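S.K.: Can you read through this structure? Questions will come right after.
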Amino acid sequence: MIDPQIRDLDFDAYRQVIRDFTDNELIPRENEMVSAGEVPADLVTRMAEVGLFGITLPRSVGGLGWTVEQQVLLTFEFTRSSAVYRSRFSTSIGLASQILLEYGTDAQREQYLPAMAAGECVMAFALTEEQAGSDASAVRATATNTPDGYVINGEKRFITNGAWADVLVVFARTADGEISSFLVDRESPGVETRLPELMNGHAEGPVAEISLRDVVVSADRLIGGATGLGMVHAMRGINQARTHVAATAVGQATRMLTEAMKYAGSREQFDQPLAEFGAVQAMLGRSYAELEAGRAMILDCAREFDRGTPPRHRIAAAKLYCTEMASVVGDRAVQVLGGVGIVGNHPVPRMWRDVRALRIYEGASQIHERNLARALPSLLG
């Protein structure tokens, strides 16, 4: 539940709260999280209390009502800590909440959005399948209409928060052959979740595989009450999520560059700090320039988002650039750290592994490159 005092803050004061929360609570407990193999439950409670589950939802449903630009500025702050923290509320603030906010029925909004804003209901976005990754339209899960509602069968994979979400937004094909979206309680009979044996990055917030076998949902769980709109719903959530992923890459790169700069200033070789070597200065300086380019790109997208229709191609470009940039900055930071970047529990190599996944989440880089290239005549014409 959001601390009532939070609701009285203007944006600048709230941003300072999140900055302090990141510096004083999230970053200091990263090693504890790694040792535990999961985000400590009391930190998830604190995330809810400071309002992180509600930053994208309007005040009318219990959220904080920040603009997309403000959401991006907040993301720059809390993603200076481990990206795993963000994963615990990422599906609630982007992928799932925005679908219900824009397309849900009045009853669906009333039932779920206030609980999501308070952090009392976590949703997961169950779209991806073995054959439906970059090609999301290849979904094979089915939803068969019956007198009792719909019976859903299918397999989902790589689902963030899938193992501990309260509700799944499941995409499945209905009788018309089109993709529709449904709200499915994770504890429903026939729903089974499995965690992977190994995660290369985001190890403390693993994605899940989900089996749905003869899962019965009532007709009022069809999002928006209409079939065939699943991909429209999905893209609304995905565009918001891509904006947040690009901002996350900027926050992660900021932290890695800061850590590399600190190390370069304190580590001496050949009787001088590493920071005095031209080669190291070149890596740090170029990293800062690229970081600032990414920051400007996603802030500009967010401002256009706030003016009306999400600028999907510019969001894709920002997501592509920022996530690739974060991996490059992380690689340079590991290089500056040398052996410390390979051995031990320094945060940079862990974050370097984590940001690698961002080039795959919400559309792989190569898909964005292809789609942007195909759109060039209209974008530049």
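The values are calculated or read from the model by the stated rules, or taken from the named source; none is laboratory data. Note that the structure is a prediction, hence the values are computed from the model and not measured. Quick reminder, even Gly has a Cβ in these numbers, built from the backbone with ideal geometry, and neighbours come from all protein chains shown.
S.K.: Taking the stated definitions as given, is residue 264 surrounded by 23 or more Cβ atoms within 10 Å (Cβ to Cβ) and under 25 Å from residue 350 (Cβ atoms)?
M.R.: Values: surrounded by 23 or more Cβ atoms within 10 Å (Cβ to Cβ): no; under 25 Å from residue 350 (Cβ atoms): yes.
In short, no.
S.K.: Still on this structure, please answer the following. Please go through segment 127-144 and give me each residue that is part of a strand (DSSP E or B) and either surrounded by fewer than 19 Cβ atoms within 10 Å (Cβ to Cβ) or outside the structural domain of residue 208 (by TED's automatic domain parsing) (or both), ordered by number.
M.R.: Taking segment 127-144 and keeping what is part of a strand (DSSP E or B), we get 142-144.
Correct list: 142, 144.
S.K.: Which of the following residues is of a type outside the set (Lys, Arg) and within 17 Å of the chain's Cα centre (by Cα): 21, 11, 78? Don't jump to the end; show me each part of the working.
M.R.: Details: 21 fails: within 17 Å of the chain's Cα centre (by Cα); 11 fails: within 17 Å of the chain's Cα centre (by Cα).
Exactly one residue qualifies, and that residue is 78.
S.K.: Right, another one. Tell me, which strands (runs of 3 or more DSSP E) lie completely within segment 145-237 with 1 or more residues that are small (Gly, Ala, Ser)? Steps first, answer last, please.
M.R.: Numbers: elements: 149-159, 167-173, 179-185, 191-194, 208-217.
Of the strands (runs of 3 or more DSSP E) lying wholly inside segment 145-237, those with at least 1 residues that are small (Gly, Ala, Ser) span 149-159, 167-173, 179-185, 208-217.
S.K.: If you take the residues in segment 258-280 that are of a type outside the set (D, E, K, R) and outside any helix (DSSP H, G or I), which one is nearest to residue 27 (Cα to Cα)? Lay out the reasoning, then the answer.
M.R.: Taking segment 258-280 as the starting set, the residues that turn out to be of a type outside the set (D, E, K, R) are 258, 260-261, 263-266, 269-270, 272-275, 277-280.
Filter once more, keeping what is outside any helix (DSSP H, G or I): 269-270, 272-273, 277.
Numbers: 269: 29, 270: 32, 272: 30, 273: 26, 277: 29 Å.
For segment 258-280, the residue satisfying everything is 273.
S.K.: Looking only at segment 75-92, filter to residues that are within 19 Å of residue 158 (Cβ to Cβ) and β-branched (Val, Ile, Thr); which one of those is surrounded by the fewest Cβ atoms within 10 Å (Cβ to Cβ)?
M.R.: Within segment 75-92, the match that is surrounded by the fewest Cβ atoms within 10 Å (Cβ to Cβ) is 84.
S.K.: Which numbered condition in (1) at pLDDT 95 or above; (2) more than 24 Å from residue 85 (Cα to Cα) is the only one that residue 312 fails?
M.R.: (1)
S.K.: Go through segment 313-348 and report how many residues are assigned to a helix (DSSP H, G or I) and either closer than 26 Å to residue 241 by Cβ or among the β-branched types (Val, Ile, Thr) (or both). Even if it seems obvious, please write down each step before you answer.
M.R.: Residues of segment 313-348 assigned to a helix (DSSP H, G or I): 313-341, 347-348.
Among the residues that remain, those that are also either closer than 26 Å to residue 241 by Cβ or among the β-branched types (Val, Ile, Thr) (or both) are: 313-331, 333-334, 336, 340, 347-348.
Residues that pass the stated criteria total 25.
S.K.: Same structure again: Is there any pair linking a residue in segment 31-56 that is loosely packed, with under 13 Cβ neighbours inside 10 Å to one that is charged (D, E, K, R) and outside any loop (DSSP other than H, G, I, E, B), with Cβ under 6 Å and at least six apart or on different chains, and which?
M.R.: Listed by first residue and then by second, the contacts come to nothing, as the list is empty.
S.K.: Another one. Output the qualifying pairs, or none if there are none: Cβ atoms under 6 angstrom, residues six or more apart or on different chains, first residue in segment 87-98 and in the same structural domain as residue 113 (by TED's automatic domain parsing), second residue polar (S, T, N, Q) and assigned to a helix (DSSP H, G or I).
M.R.: Here the result reads 94/240; 98/240, each pair linking segment 87-98 to a residue that is polar (S, T, N, Q) and assigned to a helix (DSSP H, G or I).
S.K.: Restricting to segment 349-381, name every residue that is small (Gly, Ala, Ser) and either part of a helix (DSSP H, G or I) or closer than 23 Å to residue 240 by Cα (or both).
M.R.: If we filter segment 349-381 for residues that are small (Gly, Ala, Ser), which is where we start, we get 357, 363-365, 373, 375, 378, 381.
Once the filter is applied, which keeps residues that are small (Gly, Ala, Ser) and either part of a helix (DSSP H, G or I) or closer than 23 Å to residue 240 by Cα (or both), segment 349-381 yields 357, 363, 364, 365, 373, 375, 378.
S.K.: Next question. Determine whether segment 10-30 contains at least one residue that is modelled with pLDDT under 95, outside the structural domain of residue 201 (by TED's automatic domain parsing) and not in a helix (DSSP H, G or I). Full working, then the answer.
M.R.: Filtering segment 10-30 down to residues modelled with pLDDT under 95 leaves none.
No - not one qualifying residue is present in segment 10-30.
S.K.: Please work out if residue 114 is free of Cβ contacts under 8 Å to residues at least 40 places away in the same chain, surrounded by fewer than 23 Cβ atoms within 10 Å (Cβ to Cβ) and more than 13 Å from the chain's Cα centre (by Cα). Before the answer, list the steps.
M.R.: Values: free of Cβ contacts under 8 Å to residues at least 40 places away in the same chain: no; surrounded by fewer than 23 Cβ atoms within 10 Å (Cβ to Cβ): yes; more than 13 Å from the chain's Cα centre (by Cα): yes.
The answer is no for residue 114.
S.K.: Kindly indicate whether any position in segment 55-65 is closer than 23 Å to residue 220 by Cβ, small (Gly, Ala, Ser) and under 16 Å from the mean Cα position of the chain (by Cα).
M.R.: Checking segment 55-65: not a single residue is closer than 23 Å to residue 220 by Cβ, small (Gly, Ala, Ser) and under 16 Å from the mean Cα position of the chain (by Cα).
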